[in-house]
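Report on one structure; see the data block that follows.
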Amino acid sequence: MREGYFKQTSNPIPVMENGDQKVVNGMSYYYVDFEELVKPLK
């Protein structure tokens, strides 16, 4: 992903596994939606 060419379009949604949020090596997982832009934000 090239810096500045993507915009987050929603809040992060926790990845659930067996009713609990998925954690690997102490890091929580989330789904995040992005939109690709033609021009960079900055």
Relative contact order for the chain: what percent, with Cα pairs under 8 Å and sequence separation of 6 or more?
53
If you take the C-alpha gyration tensor of the chain, multiply each eigenvalue by 5 and take the square root, what semi-axes do you get, largest first, in whole Å?
28, 11, 6
Once F6 and V24 are pulled to full extension, the length gained, defined as 0.36 nm per residue separation minus their Cα-Cα distance, is 3.9 nm
V38 paired with E17, simple spin-label distance in nm, labels 7 Å along Cα-to-beta-carbon:
4.1
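Readers should treat all values here as calculations from the given coordinates under stated rules, not as data from a laboratory. These numbers come from a predicted model, not from an experiment. Cβ atoms come from the backbone with ideal geometry, glycine included; neighbour counts cover every protein chain shown.
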